[in-house]
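> Just dropping this structure here.
The values are calculated or read from the model by the stated rules, or taken from the named source; none is laboratory data. Just so we're clear, the structure is a prediction, and the values are computed from it rather than from any experiment. Heads up, the Cβs are rebuilt from the backbone with ideal geometry, glycines too, and the neighbour counts pull from every protein chain shown.
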Amino acid sequence: MTTFVLFGGTGDLAKRKIIPALYSAFVNGRLDADFRFIGAARERLEDQEYRQRVADSIAQYAAKVSGGSPEKLAAFLDLTHYAKIDARIPEDFNTLKASLRTSETHATLFYLATGPDIFIPVVEQLSLHGLVEGNARVVVEKPLGRDAQSAREINQALRRYLQENQIYRIDHYLGKEMVQNLLALRFANSFLEPLWNRKWIQDVQISISEQVGVESRGDFYDHTGALRDMVQNHLLQLVSIVAMEPPVNANPDAIRDEKVKVLRALHKFTADEVSKKTVRGQYRAGAVDGKPVIGYQAEPGVPQASRTETFVAIRAEIDNWRWAGVPFYLRTGKRMASRSAEITINFKPIPYSIFGQSQGPMRSNRLVISLQPEESVQLFMKAKEPGEGIRLSDVALNLDFAEVSNSRRVESYERLLLDAMHGDLTLFVRDDELSAAWEWVDPIMLAWQNDSEGLKSYIAGSWGPAAASYLLAQHGAAWGEEY
Ligand code: BG6
């Protein structure tokens with residue numbers, strides 16, 4: 001039996017992601033027969049009031065879950081309870097303890113969907129009340145710290161009360177179907193590995209563009225910025241999976257051992273390199289999909305003169321034998337032209353064209369792994385167009401996962417919550433990975449703090465500041481949409 005205790009149970013993440021994920025797992029029969037869900041937050045609420053909020057969040061964010069029905073919803077609400085818990089009030093944890101005891105819990109999963117300042121007080125109280133012994137696990141949400149130092153402090157504090165294998169640091173990008181598929185693509189096929197290195201690869205591009213702005217999170221976002229919000233975690237996790245060496249097996253630590261080596265091999269920038277190899281931007285008013293939108297500084301909760309970046313592009317490098325000299329172009333931004341998350345492996349051009357110049361400049365082969373909105377892998381090759389003479393064109397060998405399989409699509413939060421309930425750490429971030437990622441990000445943040453002029457602006461609905469195109473153009477490269 002599992003009891004799932006959600007701290008931050010009334011918050012935004014709970015509403016949008018965690019509750020819908022639990023409900024989806026429930027209707028698809030993926031939860032234990034005796035599963036119980038306890039939402040915890042500071043507000044005083046009766047079970048019934050909390051159930052109403054849970055029902056509202058399901059209506060808003062999980063209305064289309066396959067298999068959902070009013071009966072299923074009622075059954076899910078029956079398993080749902082509420083606990084008023086203030087992390088600073090030890091007595092509140094007594095009540096929680098009593099409710100966990102009476103249910104003779106075998107496994108308890110505590111999910112901390114709260115600000116990081118609450119992690120330690122909560123874990124301390126859980127420990128003092130004997131709640132993290134035995135089969136208890138704790139999931140912590142990002143942001144885990146603001147820099148290497150604070151991340152280390154959080155990790156050390158967590159480790160005072162928990163074993164490393166009880167700590168599930170969530171990065172929801174790791175739960176995306178295609179991220180796992182990347183492991184299959186790389187390590188279950190023979191033809192890619194000989195090409196997967198500096199000899200055959202020109203550059204790697206990882207781009208996550210969003211159309212949304214900062215939504216209701218202006219205040220949080222303004223203290224965070226795109227580098228901490230997206231690059232330090234999601235983008236670097238993708239880099240580590242694209243660039244890692246084959247692990248000895250598929251066990252969590254074997255995989256994480258290889259990922260952390262990549263993160264440690266990322267070339268750390270000097271201040272001068274930061275100014276040459278990074279671009280940061282902030283959106284101003286514009287239009288996304290034809291609809292006018294306000295600029296970042298006019299968003300609720302954002303100070304008018306904010307210098308926080310909503311866009312980042314970086315020319316990263318990995319100092320090791322496989323990747324030396326291969327740029328990893330990373331990009332992410334809010335209020336961009338379209339929503340997509342893509343990894344593009346650009347192979348080197350052919351050494352010489354026997355077809356002459358008449359064909360115009362030829363874009364070399366590329367492998368495009370699309371995480372969203374579609375889940376696909378496309379290998380772009382040159383082929384002859386049908387008809388007289390030889391005219392070459394770019395054609396894609398297209399693996400569209402919506403067509404290949406009609407198995408149920410599992411959202412990343414659902415997958416990760418189930419993994420945490422089953423004790424599978426593979427898709428969670430280990431403390432050394434987290435530290436290595438921050439250590440690479442720190443010099444960039446520091447250099448940006450000392451260079452207030454470096455922030456460029458871009459029109460909402462565009463692909464970011466022009467400097468981001470120049471970052472690649474000066475090396476003869478271009479972002480996917482620029483071809
Ligand atoms: C979150 C960031 O981690 O990822 C958000 O905090 C961002 O700012 C979100 O919008 C993007 O996730 P996805 O899955 O929609 O690409």
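> Hey, among the residues in the stretch 338-379 that are among the β-branched types (Val, Ile, Thr) and at pLDDT 95 or above, which one's nearest to the chain's Cα centre (by Cα)?
343
> Please enumerate the residues belonging to the stretch 182-221 that are of a type in the set (Asp, Glu), surrounded by 18 or more Cβ atoms within 10 Å (Cβ to Cβ) and under 30 Å from residue 287 (Cα atoms).
210
> Here is a follow-up. Among the strands (runs of 3 or more DSSP E) contained in the stretch 331-413, which hold 3 or more residues that are surrounded by 13 or more Cβ atoms within 10 Å (Cβ to Cβ) and within 16 Å of the ligand (Cβ to nearest atom)?
The qualifying strands (runs of 3 or more DSSP E) are 340-347, 366-372.
> Select from the stretch 71-90 the residues that are of a type in the set (Val, Ile, Thr) and free of Cβ contacts under 8 Å to residues at least 24 places away in the same chain and list them in ascending order.
89
> Still on this structure, I have one more. Among 285, 271, 250, which is the only one that is loosely packed, with under 15 Cβ neighbours inside 10 Å, away from the ligand (no atom under 16 Å from the Cβ) and more than 22 Å from the chain's Cα centre (by Cα)?
271
> Turning to a different aspect of this structure: In this structure, does residue 58 turn out to be surrounded by 12 or more Cβ atoms within 10 Å (Cβ to Cβ) and either among the basic types (Lys, Arg) or assigned to a helix (DSSP H, G or I) (or both)?
Yes, satisfied.
> Now a separate question. Please tell me if residue 413 is in contact with a His (Cβ under 8 Å, 6 or more places away or on another chain) and aromatic (Phe, Trp, Tyr).
When the stated conditions are applied, residue 413 passes them.
> Out of the stretch 237-275, which residues are without any contact (Cβ under 8 Å) to a residue 24 or more places away in the chain and under 26 Å from residue 451 (Cα atoms)?
Residues satisfying the conditions are 272, 273.
> Enumerate the pairs (first residue in the stretch 163-182 and closer than 15 Å to residue 237 by Cβ; second residue anywhere and within 10 Å of the ligand (Cβ to nearest atom) and of a type in the set (Phe, Trp, Tyr)) with beta-carbon separation below 7 Å, excluding pairs fewer than 6 apart on the same chain, so at least 6 apart or on different chains.
Close Cβ pairs (under 7 Å, with a partner that is within 10 Å of the ligand (Cβ to nearest atom) and of a type in the set (Phe, Trp, Tyr)) amount to 172/413; 175/413; 179/173.
> Now for a separate question. State whether the residues of the stretch 78-99 include one that is out of contact with any strand residue (DSSP E or B) (no Cβ under 7 Å at 6 or more places or on another chain) and under 27 Å from residue 408 (Cα atoms).
Yes - at least one qualifying residue is present in the stretch 78-99.
> Return only the number of the condition from (1) farther than 12 Å from residue 80 by Cα; (2) modelled with pLDDT of 95 or more; (3) of a type in the set (S, T, N, Q) that residue 48 does not satisfy.
In the conditions (1) farther than 12 Å from residue 80 by Cα; (2) modelled with pLDDT of 95 or more; (3) of a type in the set (S, T, N, Q), residue 48 misses (1) alone.
> If I go through the stretch 414-432 residue by residue, how many of them are among the hydrophobic types (A, V, I, L, M, F, W, C), in a helix (DSSP H, G or I) and within 16 Å of the ligand (Cβ to nearest atom)?
Counting residues in the stretch 414-432 that are among the hydrophobic types (A, V, I, L, M, F, W, C), in a helix (DSSP H, G or I) and within 16 Å of the ligand (Cβ to nearest atom) gives 2.
> Working only within the stretch 100-125, note down all residues that are among the aliphatic types (A, V, I, L, M) and more than 16 Å from the ligand (Cβ to nearest atom).
If the condition is that a residue be among the aliphatic types (A, V, I, L, M) and more than 16 Å from the ligand (Cβ to nearest atom), then 100, 107, 109, 118, 120, 122, 123 are the ones that fit.
> Here's something else I'd like to know. If we scan the stretch 110-126, do we find a residue that is modelled with pLDDT of 95 or more, among the β-branched types (Val, Ile, Thr) and farther than 27 Å from residue 12 by Cα?
Checking the stretch 110-126: not a single residue is modelled with pLDDT of 95 or more, among the β-branched types (Val, Ile, Thr) and farther than 27 Å from residue 12 by Cα.
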